[in-house]
Amino acid sequence: SGRSNGANWQIPRGVTASNWEYAQANHISTGYDKFLSGDPLTMVDRQILNRYLPDLKFETEKKSNSNRPIIADFGCGNGRTLIPLLDRGYRGVGIDLSIPMLSAFQKKIGIERNIAELSSDRRENGCFWIQANLVELQGIADGAFDHGLSLFSTLGMIRGHENRQLFLRHARRTIKPGGWFILHAHNVWYQLRHPGGLRWALGNSLRAMRGKSEFGDRESNYRGINKMFIHSFRRRELAKALSLAGFHEFDWFGVSPHQEQPVDGLPLGHPLRLVGWVVACR
């Protein structure tokens, strides 16, 4: 369905009306790969994933599908991140609110893997999909996944601190002890480098003090969707949220604008230099 015309109770928890429209829009899913083509963040993601999720293809060729590690991609989109990991010997679970995105993912697997020629065993066990709101993952068992991902600012698309915390707790709960959770988020202070950034920060602070929003909340027109919601983080805010969810070991990587290499650690002056972070934690 398209954008809801009814009351707000019809919209899933933590999802704004515009973000719900984004999730239902077919043009978002069909044009996703073209839109991201050349985006340096995709290269940063890939390099970090290669460090923490090594190639298991040759190791797992001798194992049955049921013994291959499972990676959950929370906010998987059309499979941009998860499909290469399937090729590296992992099983995958794609979780997304968007049915068009999940359909595009399934179609992509069929095209790229010649699904008609694959055995039913590999089709069923290599990857499967869950259409769900990331805030409401109670139906997934504790320790169901070996590792988890949430990239391309998926966490920031959830509105409300309490709702984001619920998702992070679900991620910690569903990932086995010792498993990696790799997350991307935007840096709120980078907004100061944009024209009008200081005025935005002051206005955002005032709205937060009045209880009308949270500091870091912003809306913008994005790919034909008006007032698309995104929350950008202070690093300490993000670290605290992850710690409260039960993650205790952190490796931080900076994301610099227009650079395809991750920045190891947090360089001097990073609050204004980095557009965001990728953090690996467990």
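The values are calculated or read from the model by the stated rules, or taken from the named source; none is laboratory data. Given the structure is predicted, the values throughout are model-derived calculations rather than measurements. So basically every Cβ, Gly included, is an ideal-geometry build from the backbone, and we count neighbours across all protein chains shown. Calculation scope for accessible area: heavy atoms of the full protein, side chains included, ligands and nucleic acids excluded. Shrake-Rupley method; radii C 1.70, N 1.55, O 1.52, S 1.80 Å.
Would you work out which of 209, 155, 181 lies farthest towards the positive end of the dipole of segment 137-223, given +1 charges on the beta-carbon of Lys and Arg and -1 on that of Asp and Glu, about the Cα centre?
Of the options given, the answer is 209.
Spin-label point model (7 Å from Cα, Cβ direction): what's the residue 250 to residue 194 distance in nm?
2.4
Calculate for the chain the 222 nm mean residue ellipticity that helices alone would give, adding -39,500 (n - 2.57) per DSSP H run of length 4 or more and normalising by residue count, nearest 500 deg cm²/dmol.
The helix-only estimate for the chain comes to -10500 deg cm²/dmol at 222 nm.
Going by amide H atoms built from the backbone, whose H comes under 5 Å of the H on residue 127, apart from near neighbours?
92
Could you check the spin-label model distance between residue 258 and residue 208? Points 7 Å from the Cα along Cα→Cβ, value in nm.
If labels sit at residue 258 and residue 208, their model points lie 2.9 nm apart.
Calculate what fraction, in whole %, of the accessible area of the chain sits on carbon and sulfur atoms when a 1.4 Å probe is rolled over the protein chains. Working shown, then result.
Values: 7190 of 13990 Å².
Ligands and nucleic acids excluded, carbon and sulfur reach 51 percent.
Starting from the Cα of residue 26, step 7 Å along the direction of its Cβ; do the same at residue 266; then give the gap between the two resulting points in nm.
With each label point 7 Å from Cα toward Cβ, the separation is 4.6 nm.
Please sort 152-160, 82-90 by packing, taking for each peptide the average over its residues of neighbouring beta carbons within 10 angstrom, highest first.
Put in order of decreasing packing, that is 152-160, 82-90.
Please sort 209-218, 268-277 by packing, taking for each peptide the average over its residues of neighbouring beta carbons within 10 angstrom, highest first. The partial results should precede the final answer.
On the way: 209-218: 14.3, 268-277: 16.0.
Ranked from most to least packed, the peptides come out as 268-277, 209-218.
What order do you get for 137-143, 259-265, 39-45, 178-184 when each peptide is scored by the mean count of other beta carbon atoms within 10 Å, highest first?
By packing density, highest mean first, the sequence is 178-184, 39-45, 259-265, 137-143.
For the chain, report the accessible area per residue in Å² (1.4 Å probe, heavy atoms, rounded to an integer).
On the way: 13990 Å² over 282 residues.
The answer is 50 Å² per residue.
Expressed in nm², what is the orientationally averaged projection area of the convex hull enclosing the Cα positions of the chain?
15.4
Quick check: the distance between the Cα centres of segment 177-221 and segment 264-279, to the nearest angstrom?
15
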